[in-house]
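Novice: Structure in structure tokens, see below.
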Amino acid sequence: MKTFKLHSTYKPTGDQPKAIKELVRGIKKGKKFQTLLGVTGSGKTFTLANVIEQINKPALVISHNKTLAAQLFGEFKAFFPENAVEYFISYYDYYQPEAYLPERDLYIEKDASINDLIEELRLRATTSLLSRNDCIIVASVSAIYGLGSPEDHKAMLVMFEKGENIERREMLSKLVDIQYSRNDVDFSRGAFRVRGDTVEIYLAYEKKGVRLKLWDDEIEKIEIFDPVSGNTWESLEKIAIYPAKHFITPYSRIADAVKSIKEELK
């Protein structure tokens, strides 16, 4: 089944058809390394977009800096509007590592400023990887740093289904476990609020809200709504909510670690 669908008003020309054919052949033969040469403006991105469509597998595009990554993200997004083209770069606007200046006996504390939008895009990238098989992730070299176990991240997702019996307190506890915080005043990304028998969640990885309406201890309705206007967009039978942070560990793993530490202490 064809998963990736390339949208373009023009076709490969010049050396592009030959390059696409050879790159596709090399990938199918299991070649680990291939190099596509071309001057600026020769259509290398379009060539690779055709390769991705023909190979029909998820792709990781790594750039050496954020500026080029943003350009590539925009281009691939235009080529594959029906697929999950995501953006993954470092989310620090400013980062000062801790340091010590011995000549002045001065300790400088670590300080950092995180870009909220980029953090949202990073979370959306990992969420798409876990929930879809038609992903193109455009990343900077920060992608080489580990974010923990994908299995742990996926294991922490919370499922809610229409008709499910669940106490409101248990529902809120599950949201807190995956790093969502309660805020009934400032409804922002990664927060949830409670209004009587209605729990509203602002997803950490999308500009969408999830509204869970309870009747006693039963989920009566699941709605996707606009967090700004409050207008309902659609109703669902069930929904999976992924963690609000990348750095998250299941309680079972923490318990095992604590047990091992206690044994080492003895």
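Novice: Residues that are farther than 19 Å from THR126 by Cα: list the strands (runs of 3 or more DSSP E) wholly contained in segment 1-106 that include at least 3 such residues.
Specialist: In segment 1-106, 92-96, 99-101 are the strands (runs of 3 or more DSSP E) which contain 3 or more residues that are farther than 19 Å from THR126 by Cα.
Novice: Further question on the same structure: Would you pick out the residues in segment 210-248 that are in contact with a Ser or Thr (Cβ under 9 Å, 6 or more places away or on another chain) and hydroxyl-bearing (Ser, Thr, Tyr)?
Specialist: TYR242
Novice: Could you grab the pairs with beta carbons closer than 8 Å, sequence gap of 6+ or different chains, first residue in segment 206-222 and in contact (Cβ under 8 Å) with a residue 12 or more places away in the chain and farther than 30 Å from GLU86 by Cβ, second one in a strand (DSSP E or B) and β-branched (Val, Ile, Thr)?
Specialist: LYS213/THR198; LYS213/ILE219; LYS213/ILE222; LEU214/THR198; LEU214/VAL199
Novice: Consider only pairs whose beta carbons are under 9 Å apart and that are at least six residues apart or on different chains; among these, list those whose first residue lies in segment 232-258 and is of a type in the set (S, T, N, Q) and whose second residue is open to solvent by 80 Å² or more (accessible area, probe 1.4 Å) and at pLDDT 85 or above.
Specialist: Matching pairs, first to second residue: SER235/LYS162; SER235/LYS221.
Novice: Shifting gears a bit: All but one of (1) under 24 Å from ILE144 (Cβ atoms); (2) open to solvent by less than 80 Å² (accessible area, probe 1.4 Å) hold for LYS110, so report the exception by its number.
Specialist: (2)
Novice: I've got another one for you. Scan segment 43-89 for residues that are among the polar types (S, T, N, Q) and free of Cβ contacts under 8 Å to residues at least 24 places away in the same chain and report the count.
Specialist: Residues in segment 43-89 being among the polar types (S, T, N, Q) and free of Cβ contacts under 8 Å to residues at least 24 places away in the same chain: 2 in total.
Novice: Can you tell me which of LYS266, LYS207 is closer than 20 Å to SER128 by Cα, open to solvent by 50 Å² or more (accessible area, probe 1.4 Å) and among the basic types (Lys, Arg)?
Specialist: Testing whether each residue is closer than 20 Å to SER128 by Cα, open to solvent by 50 Å² or more (accessible area, probe 1.4 Å) and among the basic types (Lys, Arg) leaves just LYS207.
Novice: In segment 171-199, what residues are farther than 16 Å from ASP217 by Cα, in contact (Cβ under 8 Å) with a residue 12 or more places away in the chain, surrounded by 13 or more Cβ atoms within 10 Å (Cβ to Cβ) and of a type outside the set (Ser, Thr, Tyr)?
Specialist: LEU175, ASP177, ILE178, GLN179, PHE187, ARG189, GLY190, PHE192
Novice: Is it the case, given these coordinates, that ILE55 is under 27 Å from THR3 (Cα atoms) and in contact with a Pro (Cβ under 8 Å, 6 or more places away or on another chain)?
Specialist: No.
Novice: Here's something else I'd like to know. Within segment 122-155, count every residue that is open to solvent by less than 30 Å² (accessible area, probe 1.4 Å) and either in contact with a Gly (Cβ under 8 Å, 6 or more places away or on another chain) or not β-branched (Val, Ile, Thr) (or both).
Specialist: Within segment 122-155, residues that are open to solvent by less than 30 Å² (accessible area, probe 1.4 Å) and either in contact with a Gly (Cβ under 8 Å, 6 or more places away or on another chain) or not β-branched (Val, Ile, Thr) (or both) number 11.
The values are calculated or read from the model by the stated rules, or taken from the named source; none is laboratory data. The structure displayed is predicted, hence computed values, not measured ones. With ideal geometry, Cβ positions are generated from the backbone for all residues, glycine too; neighbour counts draw on all protein chains shown. Accessible surface is based on the protein model in full, side chains and every heavy atom, while ligands, DNA and RNA are left aside. Shrake-Rupley method; radii C 1.70, N 1.55, O 1.52, S 1.80 Å.
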